[in-house]
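The values are calculated or read from the model by the stated rules, or taken from the named source; none is laboratory data. Every value quoted in this text rests on a predicted model; they were computed, and no experiment measured them. Neighbour counts are summed over all protein chains in view; Cβ atoms, including those assigned to glycine, are modelled from backbone coordinates with ideal geometry. The area values use the complete protein model at the heavy-atom level, side chains included, leaving out ligands, DNA and RNA. Shrake-Rupley method; radii C 1.70, N 1.55, O 1.52, S 1.80 Å.
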Amino acid sequence: MAERRTNPLVDRPAPLGSLLSAAARTLAAELDAGIAAAGFTDVRAAHAPVFQLIEPDGTRQTTLAERAGMTKQAMGELIRHLEQHGYVEVEVDPADRRARLVRLTTRGWAVVDAGIAVVERFDRHLDEIVGSAEVTRLRGTLLRIIGAGSSHAAGLQSAKVTRVE
């Protein structure tokens, strides 16, 4: 094996994926801290998809999983935790007795309100440090990246990998 004297990654800018992941971790930590400060110590940012994607009259567990881009099993784990702690109730869907309908409880709606307050506070902070126009531009850019991501990922999966030795 050839010995390298330098690492070609040292002088490159940080990869965007790494920066986006770090930003996501920062936002998740802010959400966790804000929700805990509001008295909800058993809810984490990982539970956010349930709160963000559920309809006021309830939503099927499989629909929540599809909307979140998660497996049914992963969504089921989130829902079980939230049900055990009183944030959601799960019942048989009257329209299809094989399906489970998930509804937020009063405690669940209180977490939604607390989460909105945390996000609004953080959004104001971002406006202050980078400017509201830049935040709006960043939001649009990220949405374009997300929207284009699936075709790019599919292209990478179908590309031939050539190993150079």
ask   = At what distance in nm do the modelled label points of LEU143 and ASP127 sit from each other, each positioned 7 Å from its Cα along Cα→Cβ?
value = 1.7
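Tell me, Kirkwood radius of region 91-135 from alpha-carbon pair distances, in Å?
Details: mean 1/r = 0.0752 Å⁻¹.
Taking every pair of different Cα atoms in region 91-135, averaging 1/r and inverting gives 13.3 Å.
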Degrees separating the helix 132-158 axis from the principal Cα axis of the chain, which is the longest one = 80
inquiry  = Let me check something: with ligands and nucleic acids excluded, how do HIS47, HIS81, HIS125 order by accessible area (1.4 Å probe), largest to smallest?
reply    = HIS125, HIS81, HIS47
ask   = Once fully extended, how much extra length lies between ALA46 and GLU77, figured as 0.36 nm per residue of separation less the alpha-carbon to alpha-carbon distance?
value = 10.1 nm
key: Debye intensity ratio in log₁₀ form over the Cα atoms of region 1-99, taken at each q of 0.11, 0.12, 0.20 Å⁻¹   = -0.50, -0.56, -1.07
key: Once the Cα gyration tensor of region 35-86 is diagonalised, semi-axes √(5λ) in Å   = 19, 12, 10
query = Taking only Cα atoms, what is the 0 to 90° angle, nearest 10, from helix 16-37's long axis to the longest principal axis of the chain?
reply = 30
query = Cα axis of helix 106-130 to longest principal axis of the chain: angle in degrees, 0 to 90, nearest 10?
reply = 30
remark   = Dimensionless Rg/Rh of the chain, both radii on Cα and Rh by Kirkwood, sits at 1.08
note = When the chain is treated as a Gaussian network with springs between alpha carbons less than 10 Å apart, the largest mean-square fluctuation among PRO49, PRO13, PRO94 is found at PRO13
